[in-house]
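Participant: First the structure, which I've put down as structure tokens, then a few questions once you've had a look.
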Amino acid sequence: MPPAKNHLSQRKGRMQLSISQEVLDRIEPLREEINFSAEAEHLFSVIADRVERRKWVERNAKALREHGKVISQTGLAGADFDRI
């Protein structure tokens, strides 16, 4: 998914990164075509979403297992209406 356009109006902070010289040499000619800040921001957001979802599952693992046990014992609510 491409970076969202509305990121341009949001307040920005700074972060220092170390990037290999090989990568910097490859992307230098592309600076006019690609907004690397927006691309990096988008990728950081995707990474943060993935980690936050994983942590949510870890925090809720016990409740999810218990809910699964209840469903296996009692079935899903409304399952008797399932005609597919």
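What follows is calculated from the coordinates using simple rules that are stated; it is not laboratory data. Values in this document were obtained by computation on a predicted structure and should not be read as measured data. Backbone-built Cβ (ideal geometry, glycine too); neighbour counts: all protein chains shown.
Participant: With a point put 7 Å past each Cα toward its Cβ, work out how far Asn35 is from Arg11 in nm, to one decimal.
Facilitator: For Asn35 paired with Arg11, the spin-label model returns 2.0 nm.
Participant: Another question, if that's okay. The stretch 10-84: which GluC sites (Glu not before Pro) are DSSP loop and have at most 15 other beta-carbon atoms within 10 angstrom?
Facilitator: Glu32, Glu33
Participant: Still on this structure, please answer the following. Between Ala61 and Val23, what is 0.36 nm times their sequence separation minus the Cα-Cα distance? Round to one decimal in nm.
Facilitator: 9.7 nm
Participant: Here is a follow-up. Dividing the alpha-carbon radius of gyration of the stretch 18-81 by 2.2 N^0.38 Å (N being the number of residues), what value is obtained?
Facilitator: 2.08
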